[in-house]
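Asker: Okay, handing you the structure first.
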Amino acid sequence: YIFPSILVADGTENDIITVQFLDDEGNPVLARTDTEVYLTSTNPTVGDVPNSVYIRQGNSYAIAEFTSTGIEGNTNILASLMGVIPSEKPIQTVTKGMNITLSTPSTIMINQTFTVQVQLTSNGLPVPGAEIEWTALGGVILSEDTETDDEGIAQAEIIQKYDTLRLKASASKTGYEPNEAQKNIQIAQNIETDELTITVFGRQVQVFHILIGLAILIALILGAYVYIKYRSTKEDEPEDLEIYS
């Protein structure tokens, strides 16, 4: 029998196959001599077994390992012995899902060096030892982690060279479904000015704005002066005389 019959396709050896002599009623039978039992995997691309295993004299069973590959699927393990009806049991290998989170600045400056990070998890647990491949279109990768650490984290240091950086991180590990994350990072527009400023009531105010305010104030004063002068001139003019006949 095989337990467990469902494994992760991660390329590891698992002592899960028990080969045992049983009588017609299902009771264990002790081997009278060392007996070789032949094993076969019907689909070795999914996993394989040793060619044979020995049940030693005085024992009723022996343990054999199943070695999975990185490919998920199904196979049957066949145990055979001369003069005995062969026995066959199924094994299934599966891959785990893997979540990837890519953390980057939302905006950066041109020629700015910054750090990005990916974190891998599966069922809420970190995925260490996963291979990470970085791609940066519009930037230069200065340094990079090619594997995740014990916390499932990998980082890269990048310098932005163009207006838009297209960053992608691809993750893979035997026994897990590959995944990737990507982001576009825009540069921030940094407009520098050489305008003078002064402090007014504790606040920085541009001199240009003050000059505009003064110009408006002067225009208002001149307008008021012209209006008052006009009114004064009208009041000093003699009234027209009317002649009645």
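Asker: Among the residues of region 98-150, write down those that are among the small types (Gly, Ala, Ser), part of a loop (DSSP other than H, G, I, E, B) and surrounded by fewer than 16 Cβ atoms within 10 Å (Cβ to Cβ). Walk me through it before giving the result.
Answerer: Within region 98-150, the first condition is being among the small types (Gly, Ala, Ser), and the residues that meet it are 103, 106, 122, 124, 129-130, 136, 138-139, 143.
Okay, now just the ones that are also part of a loop (DSSP other than H, G, I, E, B), so 106, 124, 129-130, 138.
Within region 98-150, 106, 124, 129 qualify.
Asker: On to the next question. Can you find a residue in region 160-176 that is assigned to a strand (DSSP E or B) and more than 18 Å from the chain's Cα centre (by Cα)?
Answerer: Within region 160-176 (the criterion being assigned to a strand (DSSP E or B) and more than 18 Å from the chain's Cα centre (by Cα)), the answer is yes, since at least one residue qualifies.
Asker: Further question on the same structure: With respect to residue 15, is the statement that it is out of contact with any Ser or Thr (no Cβ under 9 Å at 6 or more places or on another chain), part of a strand (DSSP E or B), exposed (fewer than 15 other Cβ atoms within 10 Å of the Cβ) and not polar (S, T, N, Q) true? Outline the logic, then answer.
Answerer: Working: out of contact with any Ser or Thr (no Cβ under 9 Å at 6 or more places or on another chain): yes; part of a strand (DSSP E or B): yes; exposed (fewer than 15 other Cβ atoms within 10 Å of the Cβ): yes; not polar (S, T, N, Q): yes.
Against the criterion (out of contact with any Ser or Thr (no Cβ under 9 Å at 6 or more places or on another chain), part of a strand (DSSP E or B), exposed (fewer than 15 other Cβ atoms within 10 Å of the Cβ) and not polar (S, T, N, Q)), residue 15 qualifies.
Asker: Looking for something of a type in the set (Val, Ile, Thr), closer than 15 Å to residue 77 by Cα and buried (at least 17 other Cβ atoms within 10 Å of the Cβ) - is there at least one such residue anywhere in region 23-36? Let's see the steps before the verdict.
Answerer: Keep residues of region 23-36 that are of a type in the set (Val, Ile, Thr), which gives 29, 33, 35.
Still in the list and also closer than 15 Å to residue 77 by Cα: none.
Among the residues of region 23-36, not one is of a type in the set (Val, Ile, Thr), closer than 15 Å to residue 77 by Cα and buried (at least 17 other Cβ atoms within 10 Å of the Cβ), which makes the answer no.
Asker: Taking residue 72, is it of a type in the set (Asp, Glu), surrounded by fewer than 16 Cβ atoms within 10 Å (Cβ to Cβ) and not assigned by TED's automatic domain parsing to the domain that holds residue 177? So that I can check it myself, show each step before the final result.
Answerer: On the way: of a type in the set (Asp, Glu): yes; surrounded by fewer than 16 Cβ atoms within 10 Å (Cβ to Cβ): no; not assigned by TED's automatic domain parsing to the domain that holds residue 177: yes.
Spelling it out, it is not the case that residue 72 is of a type in the set (Asp, Glu), surrounded by fewer than 16 Cβ atoms within 10 Å (Cβ to Cβ) and not assigned by TED's automatic domain parsing to the domain that holds residue 177.
The values are calculated or read from the model by the stated rules, or taken from the named source; none is laboratory data. All of these numbers come straight from a predicted model, not from anything done at the bench. Cβ sites come from the backbone with ideal geometry, for glycine too, and all protein chains shown count toward neighbours.
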